[in-house]
Amino acid sequence: MARTIQSLERAAAMLRLLAGGERRLGLSDVASALGLAKGTAHGILRTLQQEGFVEQDPASGRYQLGAELLRLGNSYLDVHELRARALVWADDLARSSGESVYLGVLHQQGVLIIHHVFRPDDSRQVLEVGAMQPLHSTALGKVLCAYDPVAHSEVAESDREAFTPSTVTTLPDLEGVLDLTRARGWAADVEETWAGVASVAAPIHDRRRMPVGAVGVMGAVERVCEEGEVRARLVAAVRDCARAVSRDLGAGRF
């Protein structure tokens, strides 16, 4: 059996203890409950506090769970609810479009693929759930940057690599692309990330009308585009899918 890291085990036990209590706990309470020396307990609590997982009340000196832990928990729930709500609609989109469907969310400085429906044919394909895509060049990434202020900040502060001669890398040009995305409600990537590949994506909103992800189709440029432009039927299908998932998340009509 692989060895465990004792300090991480103790930190996890400390978080569980704080999560199960009905009140804030003092240092002595935590140390006693976990059978730790006060110095050891204090060191772990201070580390958790610095990371935002634990907060200390200035008046009493007692500890409680921190906002960062709540944010991580909400993020986990949001992503899994998004995927669950999108499953049927993504399958329908793959059938109606004849192309691969991707569901993505912001993760660090990229797009994390949380669901992937294969193109409905007999071609050999690789599941890309868990893969990362760039923010500045993909249709999914542009949608997130256009509607999510956090994603916009990430792309503005990051290095924007030129993957092909068509990749937009300068911030002023990218801002123009994002303005266009917001104006028409969808984004495209025509050979900006991968030669011979095009995609189109639209935003998904939750019950707070906040952007929580994006859905899109991707395929060979000759199938997705006609005379250099994304086919209107694919744009309509993607937007309909995004609206349907948003409605299932409680966003109402867009």
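The values are calculated or read from the model by the stated rules, or taken from the named source; none is laboratory data. In this text the structure is predicted, and so the values were computed from the model without any measurement. Note that each Cβ is placed from the backbone with ideal geometry, even for glycine, and that neighbours are counted across all protein chains shown. When the accessible area is computed, the model is the full protein with side chains, heavy atoms only, and any ligands, DNA or RNA have been set aside. Shrake-Rupley method; radii C 1.70, N 1.55, O 1.52, S 1.80 Å.
Scanning the stretch 158-170 for residues that are among the charged types (D, E, K, R) and surrounded by 13 or more Cβ atoms within 10 Å (Cβ to Cβ) turns up just one, 160.
For the stretch 115-148, a tally of residues being at pLDDT 90 or above and within 15 Å of residue 213 (Cβ to Cβ) returns 17.
Of the strands (runs of 3 or more DSSP E) that lie entirely inside the stretch 146-233, those containing 1 or more residues that are among the hydroxyl-bearing types (Ser, Thr, Tyr) span 197-205.
Taken together, the residues in the stretch 58-72 that are open to solvent by less than 40 Å² (accessible area, probe 1.4 Å), assigned to a loop (DSSP other than H, G, I, E, B) and either at pLDDT 85 or above or over 19 Å from residue 31 (Cα atoms) (or both) amount to 1.
Every condition in (1) over 25 Å from residue 116 (Cα atoms); (2) open to solvent by less than 20 Å² (accessible area, probe 1.4 Å); (3) modelled with pLDDT under 95 is met by residue 227 except one, and the failing one is (2).
Scoring residue 77 on the criteria (1) at pLDDT 90 or above; (2) open to solvent by 40 Å² or more (accessible area, probe 1.4 Å) leaves a single failure, condition (1). Screening residue 137 with (1) open to solvent by less than 30 Å² (accessible area, probe 1.4 Å); (2) touching a strand residue (DSSP E or B) at 6+ places or on another chain (Cβ under 7 Å); (3) not in a loop (DSSP other than H, G, I, E, B) gives one miss only, at (3). Comparison of 236, 242, 214, 220 shows that the only residue that is of a type in the set (A, V, I, L, M), closer than 13 Å to residue 187 by Cα and open to solvent by 10 Å² or more (accessible area, probe 1.4 Å) is 236.
Selection over the stretch 18-50 of residues that are modelled with pLDDT under 90 and either closer than 13 Å to residue 69 by Cα or assigned to a helix (DSSP H, G or I) (or both) gives a count of 3. Take the stretch 81-109 and flag every residue that is of a type in the set (D, E, K, R) and open to solvent by less than 10 Å² (accessible area, probe 1.4 Å). Passing the criteria: only 99. Listed by first and then second residue, the pairs linking a residue in the stretch 95-121 that is assigned to a loop (DSSP other than H, G, I, E, B) to a residue that is of a type in the set (Gly, Ala, Ser) and open to solvent by 20 Å² or more (accessible area, probe 1.4 Å), with Cβ atoms under 7 Å apart and 6 or more places separating them unless they lie on different chains, are 109/158; 119/98; 120/98. Going through (1) among the hydroxyl-bearing types (Ser, Thr, Tyr); (2) under 18 Å from the mean Cα position of the chain (by Cα); (3) over 24 Å from residue 91 (Cα atoms) one by one, residue 246 falls short only on (3). When 150, 155, 143, 129 are checked against the criterion of being in contact with a strand residue (DSSP E or B) (Cβ under 7 Å, 6 or more places away or on another chain) and open to solvent by less than 10 Å² (accessible area, probe 1.4 Å), a single residue qualifies: 143. Output the residues belonging to the stretch 171-198 that are open to solvent by 10 Å² or more (accessible area, probe 1.4 Å), touching a residue at least 40 places away in the same chain (Cβ under 8 Å) and under 15 Å from residue 228 (Cβ atoms). Within the stretch 171-198, 188, 190, 192 meet the criteria.
Looking across the stretch 35-57 at every residue that is free of Cβ contacts under 8 Å to residues at least 24 places away in the same chain and polar (S, T, N, Q), the one that is surrounded by the most Cβ atoms within 10 Å (Cβ to Cβ) is identified as 56.
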